[in-house]
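A short write-up of the structure that comes next.
Readers should treat all values here as calculations from the given coordinates under stated rules, not as data from a laboratory. Keep in mind that what you see is a predicted model, and the values were worked out from it rather than measured. Because the Cβ atoms are built from the backbone with ideal geometry, glycine has one as well, and the counts that use them run over all protein chains shown.
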Amino acid sequence: MKENEIEYRVASQEDMEFLMGSRLEMLREVNNLPQGYVFDALFVEESRAYFVAGKQTTVLALEEGRVIGCATLCYIGMMPTFSHPTGKRAHLMNVYTKKAYRRRGIAARMVEMLIQEARDRGVTEISLDATRSGRLLYEKLGFVSSTECMVCNLQTNASAVEGGRFRKSSEGE
């Protein structure tokens with residue numbers, strides 16, 4: 001699909017270099033890494049393997065054959081619940097547009113395409129982690145803040161469960 005000379009398309013395996021290049025560029029920018037930053041080989045290998053596995057859909061925005069934006073929807077299968085009877089959920093991530101192309105509706109168009117793809121696949125809920133600057137866009141597209149979720153980061157919280165027992169609460173419970 002082309003709009004104003006910008007081509008929007010769902011990425012395929014043939015787009016692997018576009019996928020990897022745009023992901024690493026986005027990560028450098030959002031994490032304030034220098035342009036020449038070299039990512040860990042395992043990280044790059046696992047990212048590439050994830051794209052190959054196909055448990056995601058990525059939309060690319062291209063101008064004259066160059067990637068100017070990308071957005072990825074990762075599919076998550078969970079046990080069905082009353083509110084999500086298929087158990088099909090998704091997580092939106094890596095929504096990125098190059099600085100020179102921002103505020104033109106490119107990110108919105110990519111996310112709209114992914115929302116439709118999710119509907120077509122029977123997904124009942126899309127989650128995302130929004131930056132402050134991205135919240136308005138997501139709200140316009142129908143996303144709402146949620147207080148239902150809690151997270152335990154097992155990489156940073158090694159003491160979450162000690163010795164097979166529940167960790168003692170800091171509140172003395």
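Here r is the Cβ-Cβ distance between Met20 and Ala41 and R0 is 22 Å; the resulting FRET efficiency, rounded to 0.05, is 0.95. Checking every one of the chymotrypsin sites (Phe, Trp or Tyr not before Pro) in segment 4-38 against DSSP loop status and a limit of 13 other Cβ atoms within 10 Å picks out Tyr37.
Shown here for segment 1-33: GluC sites (Glu not before Pro) in loop regions (DSSP other than H, G, I, E, B) with at most 10 other Cβ atoms within 10 Å, namely Glu5. Using a Gaussian network model of the chain in which every pair of alpha carbons under 10 angstrom is joined by a spring, one finds that among Ser22, Ser47, Ser83 the greatest mean-square fluctuation is at Ser83. For the chain, the longest principal axis of the alpha carbon atoms and the long axis of helix 41-53 meet at an angle near 70°. Counting only aspartates and glutamates at least 8 places from Lys140 when in the same chain, those with an alpha carbon closer than 12 Å to its own are Glu112.
Across the chain, Cα pairs under 8 Å and at least six residues apart give a relative contact order of 17 percent.
Taking the Cβ of Lys88 as the centre, find all other residues whose Cβ is under 13 Å away and add up their charges (Lys, Arg: +1; Asp, Glu: -1). Once positives and negatives cancel, what remains is +1. Sort the chain into rounded, prolate or oblate with this rule: let a ≥ b ≥ c be the square roots of the eigenvalues of the Cα gyration tensor; rounded if a/c is under 1.5, and if a/c is not under 1.5, prolate when a/b is larger than b/c, oblate otherwise. It is prolate, given that a/c is not under 1.5 and a/b is the larger ratio. Each part gets one Cα centre, and for segment 1-68 versus segment 82-117 those centres are 14 Å apart. Remark on Ile68: its backbone amide H falls under 5 Å from those of Ala61, Leu62, Glu63, a criterion applied only to residues 5 or more positions apart or on other chains, H modelled at 1.01 Å from N.
For Ile76, neighbours were defined as the other residues whose beta-carbon sits under 13 Å from its Cβ, and their charges (Lys and Arg +1, Asp and Glu -1) total +3. The chymotrypsin sites (Phe, Trp or Tyr not before Pro) found in segment 38-96 that occupy coil by DSSP, while having at most 13 further C-beta atoms within 10 Å, are Phe82.
Rounded to the nearest 10 degrees, the inclination of helix 16-30 to the longest alpha-carbon principal axis of the chain is 60 degrees.
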